[in-house]
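The values are calculated or read from the model by the stated rules, or taken from the named source; none is laboratory data. Keep in mind it's a predicted model, so treat the numbers as computed, not measured. All Cβ positions, glycine included, derive from the backbone under ideal geometry; neighbour counts span all protein chains shown. SASA here: full protein model, heavy atoms, side chains in, ligands and nucleic acids out. Shrake-Rupley method; radii C 1.70, N 1.55, O 1.52, S 1.80 Å.
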Amino acid sequence: MSWNSCQWLRKSRFVATFLFAFVSFSPFETVLAQAPEPASNPVALTSSPLTDPAIERRVEALLKQMTLDEKVGQLAQYSSGAPTGPSAGRADYPSMIARGEVGSLFNLDSAHAANQYQHIAVEKSRLHIPLLFGLDVIHGFRTTFPVPLALASTWDPSIVEKYARIAAQESSAAGIRWAFSPMVDIARDPRWGRIVEGAGEDPYLGSVMARAYVRGYQGKNLSDKESIAACVKHFVGYGAAEGGRDYNTAEISEHTLREVYLPPFYAALREGSASLMSSFNTINGLPATANPFTLTGILRNEWGFPGLVVSDWTSVGELVGHGIVRDKAGAAQKAMTAGIDMDMVSDSYHQHLANLVKSGKVSEARLDAAVRDVLRVKFALGLFDDPFTDESREIHGALPKERVDAARQAAERSFVLLKNSVAGSRPILPLSSESGTIALIGPLADDAKNMLGAWAGRGRPEDVVTLKTALVQRVGAEKIHYARGGEFQTSSDAEIQKAVETAQQADVVLLALGEEATEQTGEAASRAHLNLPGRQQELLEKVSATGKPVVLLLFSGRPLTLPWAFEHVPAIVAAWFPGIQAGPALVRVLYGDVPPSGKLVVSWPRTMGQIPIYYNALNTGRPADGVDLTHPPRNSLEKYISRYIDELNSPQFPFGFGLSYSSLEYSKTQVDSAKLNASALNASLRRAAADNAPHATASANVKNTGNRAVDEVVQLYVRLIGTGMEEPVRKLVGFKRISLAPGESQTVSFPLGAEAFSLWDVQNNQRVEPSRVQLWISPDSSRGLPAELEIVE
Ligand code: NOJ
């Protein structure tokens with residue numbers, strides 16, 4: 001986008017916002033009117049595939065020809081396939097499309113179905129405006145990769161980008177040009193089922209991953225037939241649902257919103273994400289789908305977002321349930337004036353928007369702005385020039401090898417080795433040809449469907465290679481004794497007994513336990529108990545009681561609180577839900593063909609009472625540093641500090657944690673400048689383009705001191721001391737994946753740009769303040785000794 005058109009867009013949004021402020025009077029309008037103008041924040045969006053003057057001219061020309069009803073039609077979206085929410089929407093699509101009353105359909109399955117609807121839109125509707133087809137392409141269309149939490153655990157954006165490109169190729173072949181992904185909600189609460197859909201608790205890692213998804217989906221050119229529009233979601237604060245209960249209210253201060261929850265959205269939009277979805281939750285007393293402060297003040301006025309904003313499923317109509325309006329007409333008015341362009345499924349715009357515009361309750365300017373946002377995306381995708389999909393592009397048979405290999409590599413890098421104790425003379429893992437016979441036990445050992453994880457697009461169980469199949473291929477059926485050990489929720493005494501007997505026959509036990517992906521993880525799957533479902537804990541304990549060495553393979557969409565397992569089971573791998581190549585990937589890591597290299601993207605709680613738990617917390621004035629918390633307080637020094645009297649403060653495993661089969665030594669953490677200048681850093685932070693030019697370099701030496709190869713994720717954290725607002729005890733600001741042969745060492749360097757030292761100040765502006773900086777280069781968020789530098793005036 002040229003600078004001029006960017007300014008123009010922002011200006012028109014700003015004027016529009018001012019107009020809305022006179023139309024309705026919620027408390028947020030006051031805030032909105034005070035929302036900082038673009039210049040007060042450092043970097044506005046600079047690149048978007050939507051900001052092309054040629055597109056803008058076509059949008060304007062078309063808009064001029066549209067009737068009120070046709071405009072409203074572009075803002076209505078319906079589900080045309082299996083519902084993914086509590087209402088099915090409408091069903092008379094062909095006639096509605098012919099009348100120009102539908103802008104987008106989603107949940108379709110095939111290019112043929114999409115083409116049929118598209119023919120109606122472009123041949124029968126008066127202005128021939130093509131439909132935009134969407135889908136929840138979350139971690140795969142057909143080639144199902146590990147769930148997003150696992151993809152993030154790779155700490156490898158190239159893996160995520162590769163995933164998203166494959167997903168784009170497959171979705172677009174089915175006529176889908178719009179993915180409702182990436183989900184970038186920061187989640188600090190594993191009770192929330194949707195923690196599985198995001199990149200965990202950290203805004204920096206979340207931002208890196210968000211950008212990788214957008215790059216992969218949208219490719220170099222959105223109009224490429226194999227590219228699809230990304231939709232960053234859910235704006236905003238959905239992951240902060242109170243009590244971890246899905247759809248629940250969130251309270252987030254503006255400071256925390258900007259420090260923690262907004263950065264991944266901003267990153268995705270800066271990468272050019274063509275669209276954004278609002279969230280279900282209320283944030284600070286106002287539903288996110290009716291929130292002008294976030295949807296217009298931040299998104300449009302500050303960031304200058306030129307793309308399409310869609311509501312979540314029926315979330316416009318749900319404003320009635322929230323109680324801020326009396327009926328769906330009121331809901332349409334509130335959502336529209338707050339900044340929602342397209343109404344997903346709730347039918348509120350379709351039913352009421354035309355009247356709202358006629359009566360002046362919604363301005364024509366706002367209506368036109370929303371329609372422009374929709375048309376802009378359709379033009380950018382090239383739908384007006386070529387609306388149909390070549391049906392021969394769809395894959396009906398076996399998946400191409402390179403896609404399967406990519407899914408396997410992603411899974412291999414996503415597993416997190418949590419524990420690996422010595423049994424006899426060496427750690428249990430990796431297994432080897434000398435490991436003897438294997439008892440393979442558990443409901444997830446041979447369960448294709450659950451390996452796909454929640455939101456598996458059009459993933460097929462028949463594409464999955466389970467652990468059992470892969471293990472048999474590796475060592476031969478004669479070496480494997482298998483028992484399912486019961487179901488997720490129920491097991492009979494006989495099934496448990498059979499599992500115990502199976503364990504007794506073998507030299508080593510692989511126990512595949514965990515959650516049922518589609519029932520217990522993902523949307524509407526919040527859990528108040530983070531244990532192993534059903535009788536799986538009993539199965540684990542009884543099998544362990546045989547005395548055989550046990551490797552627990554934990555399949556889950558979240559950390560589970562399993563204190564007994566972490567104390568008694570010698571080897572534990574967090575396997576998440578690994579996708580179609582679950583079995584081969586696990587076998588290769590278990591046998592050490594490839595090293596385990598995933599790292600946790602969420603702090604793993606010891607117990608439910610610690611939740612929310614996250615590493616980038618504030619320190620308090622009474623931290624428990626240096627105090628032995630393993631017993632109840634014995635004196636006032638041990639009591640009047642920020643602690644539990646009955647549990648440690650620390651998590652079971654910290655953010656960033658993950659073992660390898662080798663040992664590593666970190667040393668010589670240093671930074672090449674003792675002093676940096678705050679104004680120089682601020683100047684670079686404020687430059688319009690994302691100028692993250694280095695001002696210093698931090699480095700450390702990392703040595704593989706063991707006798708096996710490692711792939712390590714080296715992490716860079718900072719703490720800023722002496723700042724106006726309190727800053728977290730550590731913040732991730734960089735990471736690098738490296739490979740080290742046994743005995744090899746490497747100096748790992750990180751260029752330090754202004755962003756690494758920036759914070760959101762008392763006035764909610766991003767800037768660098770004079771401060772003392774501590775800086776760690778470490779294998780996780782809890783270890784290492786800091787280097788220091790000063791940021792001076
Ligand atoms: C509701 C979910 O919250 C959202 O993530 C999804 O994209 C829509 N349904 C559409 O299925």
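What to note about this one:
- Of all residues making up region 507-533, the number that are in a helix (DSSP H, G or I), buried (at least 21 other Cβ atoms within 10 Å of the Cβ) and of a type in the set (S, T, N, Q): 1
- Among the strands (runs of 3 or more DSSP E) confined to region 394-506, the ones with at least 1 residues that are within 26 Å of the chain's Cα centre (by Cα) and surrounded by 21 or more Cβ atoms within 10 Å (Cβ to Cβ) are located at 416-420.
- Within region 264-276, one or more residues are of a type in the set (S, T, Y), away from the ligand (no atom under 16 Å from the Cβ) and farther than 14 Å from A338 by Cα.
- Residue that is nearest to Q774 (Cα to Cα) [pool: residues in region 655-665 that are in contact with a Lys or Arg (Cβ under 8 Å, 6 or more places away or on another chain) and crowded, with 16+ Cβ neighbours inside 10 Å]: G656
- Extreme residue, farthest from the ligand (Cβ to nearest atom), among residues of region 81-97 that are in a loop (DSSP other than H, G, I, E, B), of a type in the set (G, A, S) and surrounded by fewer than 16 Cβ atoms within 10 Å (Cβ to Cβ): A91
- Some residue of region 781-791 being outside any loop (DSSP other than H, G, I, E, B), modelled with pLDDT under 95 and in contact with a strand residue (DSSP E or B) (Cβ under 8 Å, 6 or more places away or on another chain): no
- Test: residue in region 158-169 that is within 14 Å of the ligand (Cβ to nearest atom) and assigned to a helix (DSSP H, G or I): no
- Residue check for Y217: of a type in the set (F, W, Y), open to solvent by 10 Å² or more (accessible area, probe 1.4 Å), out of contact with any Ser or Thr (no Cβ under 6 Å at 6 or more places or on another chain) and not in a loop (DSSP other than H, G, I, E, B): no
- No other residue among K736, K731 is closer than 28 Å to A678 by Cβ, crowded, with 20+ Cβ neighbours inside 10 Å and touching a strand residue (DSSP E or B) at 6+ places or on another chain (Cβ under 7 Å) apart from K731.
- Here is the figure for region 534-562: residues that are out of contact with any Phe, Trp or Tyr (no Cβ under 6 Å at 6 or more places or on another chain) and open to solvent by 10 Å² or more (accessible area, probe 1.4 Å) total 12.
- With respect to the conditions (1) within 16 Å of the ligand (Cβ to nearest atom); (2) surrounded by 24 or more Cβ atoms within 10 Å (Cβ to Cβ); (3) not polar (S, T, N, Q), F293 falls short on a single one, namely (1).
- Filtered by the rule that a residue be under 16 Å from the mean Cα position of the chain (by Cα), within 16 Å of the ligand (Cβ to nearest atom) and in a loop (DSSP other than H, G, I, E, B), region 171-214 gives F180, S181, P182, V184, D185, I186, A187, W192, G198, A199.
- Positions within region 230-261 being away from the ligand (no atom under 16 Å from the Cβ), in contact (Cβ under 8 Å) with a residue 40 or more places away in the chain and farther than 22 Å from R558 by Cβ, in sequence order: E254, H255, R258, E259
- Condition met for A288 (modelled with pLDDT of 95 or more, more than 18 Å from D185 (Cβ to Cβ), within 16 Å of the ligand (Cβ to nearest atom) and surrounded by 24 or more Cβ atoms within 10 Å (Cβ to Cβ)): no
- Residue pairs meeting the criteria (Cβ under 6 Å; at least 6 apart or on separate chains; first in contact (Cβ under 8 Å) with a residue 40 or more places away in the chain and of a type in the set (G, A, S), in region 167-180; second more than 15 Å from the ligand (Cβ to nearest atom) and assigned to a helix (DSSP H, G or I)): A173/R393; A174/A111; G175/A111; G175/A114
- Between Y247, Y204, the distinction of being open to solvent by 10 Å² or more (accessible area, probe 1.4 Å) and touching a strand residue (DSSP E or B) at 6+ places or on another chain (Cβ under 8 Å) belongs to Y204 only.
- Within the option set V320, V309, being within 19 Å of S348 (Cα to Cα), β-branched (V, I, T) and either in contact with a Phe, Trp or Tyr (Cβ under 9 Å, 6 or more places away or on another chain) or open to solvent by less than 10 Å² (accessible area, probe 1.4 Å) (or both) holds for one residue only, V309.
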